[in-house]
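Everything on this sheet refers to the single structure shown next.
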Amino acid sequence: MSPVDEPLDRPQDAGATRSWMIPAIIGSAMLMQTMNATVLSNALPTMAVALDEDPLRLNLAITMFLLASAVFLPISGWVADKFGAKRIFMIAMVLFALSSAACGLAQDLTQLVIARIFQGMAGAMMGPVGRLVLLRTTPKSELIAAMSVMTMPALLGPVIGPVVGGAIVTFADWRWIFFMNLPVAVVGVFLVFRYVPNVTEQEVSPIDWIGILLTGLGLAGLIFGFENLGRGMLPDGMVAALFLGGFAALALYWRHARGNPHAVLDLSVFRVQTFTASVVGGAFMRIAMGATPFMLAMLLQIGFGMSPFQAGLMTFISAAGALVMKTTAPPILRRFGFRTVLTVNAVIVGVSFMAYGLFTPTTPHWIIMAVLAVGGFFRSLQFTSLNGMAYADIEQDRMSRASTTSSMMQQLVQSIGIGLAATLMHVFMVARGETQLSAESISPAFVVIGAITFISLFFFVPLRKDAGDEMNGRIKPS
């Protein structure tokens, strides 16, 4: 029996337990990462006051985390293959907790950003390595259900994150946002050590240092370019140089990787249509996902004058809708298939995101919460579908690098989403002749980013009608 059919050498009666326990533990360990992101987004306006910084400038704390994650993601698969995914997963959780403590002890923006860089490095190992463990211990026919189980604990972060973050900065000190990761890490390490199997490759490719350098420089150039585009913080020539340098480094990597069997990122996976549709087409959806928590915090707190706790209660419903969806994703995908779900859902997600820009200070709260719930539900369905379909036609021996490539792209586009959102808000603020953010300069950014999501349709519509059916157990008509 192949490793795909039966990935673990365990008794048959352990199969039912294994089917939910491993993804649940991995998802629980990733809880602190997802919670940290949503808690921080909701707390940024208050943290900006405490650190005496501009709220838009404080988005560096999010962007630099994502940048560090994207830069160090390429080596995560190799490290997991070399030293064992389980061991690296536990080490990453410990480092994430220690860097979280350093964030909580930061006295200014510079110290916070440095600590967030180390936190991003740990997160770069934790996310994709955890997903790699799941991919190698789960048959393809069970993968959608396993991913739904894995993401349910992780989704608790976005559900309780805004409320917890709002409560902390409203009633306590913002530093507890980071300190609360410590007990979560202790429990997570114990559960992974006790229950998660160690999976390794039989052969480990030589590490591609040139590829790591080129991808790191390329990603850094692009992310810093988007971070400073139209913001006036760097000369226009410097911003242009960042973009040119970033694209040049990635172009050099493309030449370096062609025909190189040991390239850190396997570009040949983009010849697989389902993978390209998921990663490249899904990138336009993930730009909105990365921008959503940051933009909602700015709109509700700075634009509408809500307290962080009030804003957290409002955005709570969006993540709650996403959590509810997780139980319905497998049957929806079995009934309609990936192509139909992704195509129809892309329109719903784009329209709902643009609708956020119609909110005003006088909009009834129940309407805001209803729109956020609908957006959260369908946005979560979209990303569950994208994550599942990405590996539909990927061979088992390429899972490691495919997972790394997918994770790197996700981190890149989310960081671009945040940088693009901050840039758009700054541009609209300047265009209105304002010196401070207002609801009128924030709302149009939702419309622009929402419109960007429709580009994904050019990748979803051409998919085969039966694309990815093996992943969701869909029965083909005879």
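The numbers here are math on the coordinates, done by the rules we state, and not lab data. These figures come from a predicted structure and were not determined experimentally. We place every Cβ from the backbone using ideal geometry, glycine too, and count neighbours over all the protein chains shown.
Let me check I've understood the local charge: for Arg116, count other residues with C-beta under 15 angstrom from its C-beta, Lys and Arg +1, Asp and Glu -1. What total comes out?
-1
Just subtract the alpha-carbon distance of Ala370 and Leu457 from 0.36 nm times their residue separation and send over the number in nm, one decimal.
Gain on extension, Ala370 to Leu457, equals 28.8 nm.
Distance between the C-alpha centers of the stretch 250-272 and the stretch 51-107? Whole Å please.
25
If I model a spin label as a point 7 Å beyond the Cα along the Cα-Cβ vector, how far apart are those points for Phe193 and Leu244 in nm?
5.3
Applying a 10 Å radius around every beta-carbon, put 40-50, 358-368, 293-303 in order of their mean neighbour count, most first.
293-303, 40-50, 358-368
Average the reciprocal distances over every distinct pair of alpha-carbons in the stretch 208-263, invert the result, and give the Kirkwood radius in Å.
11.7
Give the calculated FRET efficiency between Lys82 and Asn260 to the nearest 0.05, with a Förster radius of 25 Å applied to their Cβ-Cβ distance.
0.85
Test of understanding: extend the Cα→C-beta vector of Thr328 to 7 Å, then name every residue of the stretch 341-375 with backbone N under 18 Å from that spot.
341-353, 369-375
Could you rank the peptides 414-424, 248-258, 373-383 by their average count of other C-beta atoms within 10 Å per residue, with the highest value first?
Put in order of decreasing packing, that is 414-424, 373-383, 248-258.
Could you line up Lys86, Lys465 from fewest to most neighbouring Cβ atoms inside 10 Å?
Lys465, Lys86
Could you work out the pair-distance distribution P(r) of the stretch 243-348 from its alpha-carbon pairs, with 10 angstrom bin width and percents rounded to whole numbers?
11, 25, 27, 24, 12, 1
How many nm separate the modelled label positions at Phe171 and Thr110, each set 7 Å beyond the Cα in the direction of the Cβ?
3.7
How much FRET efficiency would the formula 1/(1 + (r/R0)^6) give for Asp52 and Ala101, where r is the Cβ-Cβ distance and R0 is 22 Å, rounded to 0.05?
0.45
Could you state, as a whole-number percent, how many of the C-alpha pairs of the stretch 339-410 are farther apart than 21 Å?
45
What distance in nm separates the simple spin-label points at Arg464 and Val94, each placed 7 Å from Cα in the Cβ direction?
About 4.6 nm separates the two model spin labels.
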